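Before any comments, here is the structure.
The values are calculated or read from the model by the stated rules, or taken from the named source; none is laboratory data. Owing to the predicted nature of the structure, the values given are computational and were not obtained by experimental measurement. Cβ atoms come from the backbone with ideal geometry, glycine included; neighbour counts cover every protein chain shown. Side chains included, ligands, DNA and RNA excluded: accessible areas come from the protein's heavy atoms. Shrake-Rupley method; radii C 1.70, N 1.55, O 1.52, S 1.80 Å.
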Amino acid sequence: MLWIAPSEKDLASDALEKRLWNAADQFRANSGLTAAQYSAPVLGLIFLLFAETRFAQRRAELESAGASSRRAASRTDEPAAYHAECVIFLPETARFAHLLNLPEGANVGQAINDAMADIEKHNPQLAGVLPRTFQIFTSTLLKELLKKVSEIPVSLDYDAFGRIYEYFLGQFARTEGSKGGEFYTPGSIVRLLVEVIEPFHGRILDPACGSGGMFVQSARFVSEHQRKLPSPTGRGAGGEGEKLSGNPADELLIHGVEKTDDTGRLARMNLAIHGLEGDIRHGGHINSYYDDPHEAVGKFDFVLANPPFNVNAVDKDRLASDVGAGRRFPFGVPRTDNANMLWIQLFYSSLNSSGRAGFVMANSASDARSSEQEIRKQLIEARAVDVMVAVGPNMFYTVTLPCTLWFLDKGKSNCPSPASGITSDLADVVGQPGRMASSSIRGAGGEGALSRRDTILFIDARHIYRPIDRAHRDWADAQIGFIANVVRLYRGEAPDYTLGGEAARAKLEEVFSSPATHPHPNLPPEGEATIALSPSRGELERGWVSYRDIAGLCKAATLAEIEAQGWSLNAGRYVGVAAGEEVSDEDFKEKLETLNEELEVLNSEALELQALIAQNVASLLT
């Protein structure tokens with residue numbers, strides 16, 4: 001399916017971020033510093049202004065309360081009075097007014113370093129986090145930076161400050177090239193991951209957390225969406241379930257691991273600038289392959305991650321004690337020198353019995369052969385793989401290759417089994433999440449009904465994108481909302497148009513609506529799998545939406561079909577090409593790149609086998 005959203009350049013909503021970036025980058029050019037040297041101090045100043053804005057608001061509240069309470073008046077200088085409201089306390093020497101009015105000849109770099117140290121002293125949760133490298137700037141340049149950052153309107157809420165911080169993270173990632181990809185995942189990718197796993201409430205883990213973008217988008221999801229847990233019938237976020245507070249700090253328990261110390265500090269600053277706290281373990285040679293600082297097995301409701309792809313040289317001997325049922329690597333260690341399947345097992349094993357995971361992965365993991373294929377087969381047979389989304393090229397700042405988004409859901413194994421009986425009408429499956437009705441025998445049991453536990457949804461989103469520039473793409477909100485709602489229809493949940501609004505609704509109705517003249521149809525056409533929901537009055541007027549396989553877009557494949565494809569999780573093998581469409585040059589190039597990536601893996605396996613054979617022959621001859 002081809003859907004290219006119009007490019008949105010120079011819109012008023014992001015003009016402030018771009019203006020600030022252009023000014024800051026011009027200062028960098030004049031300083032002779034690299035982006036890596038420059039990024040942490042600039043982000044530190046943005047953090048400081050945000051902290052001061054929230055500090056000033058809280059101080060005004062305490063002063064107002066002091067009009068009737070002498071005790072309240074005295075608390076304006078007590079850190080505990082600010083910490084109680086998740087506000088960072090700022091000593092006077094760490095406030096912008098003080099730093100902007102330093103006398104001529106003052107060492108501005110040292111003054112800001114001292115300010116950061118004082119902030120950490122009064123706010124223990126930030127200990128060792130804030131940058132203290134401001135002395136690399138001249139005092140003149142620092143004064144200019146302070147003035148430029150102070151132009152950010154203090155009326156902005158924390159989410160607006162957060163967007164500026166995220167924008168700068170993204171721009172630094174683009175500037176730093178390959179190293180930038182180590183700490184930043186583009187926002188549109190993260191938003192889709194979050195929209196699909198729906199982290200309303202619970203414990204959340206990212207074992208390769210970078211700068212913390214997964215946590216920030218999860219918090220944004222909680223704030224923006226309907227404030228209820230899914231109902232017992234699973235009918236989407238707006239069901240009749242338990243009322244939630246809508247405050248991410250109350251709903252999410254954040255846990256992260258980051259091997260790079262500097263990047264871990266970025267993550268903790270990122271959380272703080274969004275009013276969040278979390279247990280982020282970073283630096284000190286910590287490594288998610290060998291270390292489990294959160295004792296994660298079976299403990300988490302949600303896992304989100306963008307791990308490094310195709311890592312080699314992992315010391316498998318150090319993993320031996322973590323291999324086996326109920327451990328970190330329940331399906332075994334791959335023989336190939338590639339860590340993709342190690343990461344996937346870490347995500348799977350960290351989930352509790354109803355947990356969901358969403359993560360980015362190299363395409364080769366979907367098709368890899370040999371021991372990786374066996375691990376993938378076990379994962380599929382465990383009924384944990386829920387959705388696979390194929391993503392096109394140029395969505396990341398640092399690599400042009402396409403990738404795949406994996407979604408796991410351990411709760412899907414509890415969906416009704418087709419063995420429970422034959423579905424004779426769509427009305428029978430309304431309110432039963434994960435149940436598909438069909439007039440043909442699609443299920444492995446042959447009873448005419450499919451269970452979500454016995455299928456995997458494949459979505460080909462390679463031709464859904466919005467161009468940013470000639471070398472980069474992303475997704476518009478409407479496109480993210482559309483893809484996420486395809487998943488909700490497949491799960492038997494109601495669509496949620498919080499993200500994407502009317503544009504997402506219009507596209508979903510265009511593709512999936514049943515004719516308005518048949519508001520409550522009987523079984524779907526021969527050979528089609530369908531999940532249907534009871535229509536509202538408005539949906540009856542427009543035509544109501546239900547899931548069905550769409551050539552070129554989506555396919556709910558059975559386990560039997562997947563087994564016939566060698567347990568491949570490559571969406572292109574199942575979704576096919578829409579009628580009237582042809583395989584484009586870009587598709588051919590993408591397929592060739594994927595095949596080349598797989599060939600490199602096979603060559604690596606061949607070299608390992610060659611070395612093993614030589615070793616065995618040598619041992620026989622000695």
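Here the gap between ILE136 and ASP250, fully extended at 0.36 nm per residue and compared with their Cα-Cα distance, gives a gain of 37.1 nm. In this structure, the pairs whose alpha-carbon distance is over 25 Å, taken from LYS316/LYS412; LYS412/LYS507; LYS507/LYS555; LYS316/LYS377; LYS377/LYS507, are LYS316/LYS412; LYS412/LYS507; LYS377/LYS507. Relative contact order for segment 91-133: what percent, with Cα pairs under 8 Å and sequence separation of 6 or more? Reported relative contact order: 37 percent. Annotation: amide H-H contacts under 5 Å for TRP3 (H modelled 1.01 Å from N, sequence separation of 5 or more, or interchain): ILE464, TYR465.
What length, rounded to one decimal in nm, is gained on full extension from GLN125 through to SER354, with 0.36 nm per residue of separation minus their alpha-carbon distance? Between GLN125 and SER354, full extension yields an extra 79.3 nm.
Applying 1/(1 + (r/R0)^6) with R0 = 60 Å to the Cβ-Cβ distance of SER64 and ARG470 gives a FRET efficiency near 0.65.
Label positions at ASP261 and ASN101, each projected 7 Å from the Cα along the C-beta direction, are separated by 3.8 nm.
Phi-derived couplings, Karplus 6.51 cos²θ - 1.76 cosθ + 1.60 at θ = phi - 60°, listed residue by residue for segment 291-298: 10, 9, x, 9, 6, 7, 3, x Hz, with x used for Gly and Pro.
The simple Förster model, with R0 at 22 Å and r as the Cβ-Cβ distance, assigns LEU319 and LEU612 a FRET efficiency of 0.70. Take 482-490, 460-468 and order them by the average number of nearby Cβ atoms within 10 Å per residue, most first; the result is 482-490, 460-468.
Estimated at the nearest 10 Å², the accessible area of THR498 is 60 Å² with a 1.4 Å probe. Near the amide H of VAL303, within less than 5 Å, lie the amide hydrogens of LEU205, ARG356, ALA357, GLY358, all on another chain or at least 5 residues away, with H placed in the peptide plane.
Remark: the LEU33-ASP337 segment gains 105.7 nm on full extension, using 0.36 nm per residue and subtracting the alpha carbon distance.
Taking amide hydrogens as placed 1.01 Å from N in the peptide plane, the amide H of ILE280 sits under 5 Å from those of GLY256, each at least 5 positions away in sequence or on another chain. Computing FRET efficiency as 1/(1 + (r/R0)^6) for ASN596 and THR76, where r is the C-beta to C-beta distance and R0 is 41 Å, gives about 0.05. Taking all protein chains as they are arranged and a probe of 1.4 Å, the heavy atoms of CYS86 leave approximately 70 Å² accessible to solvent.
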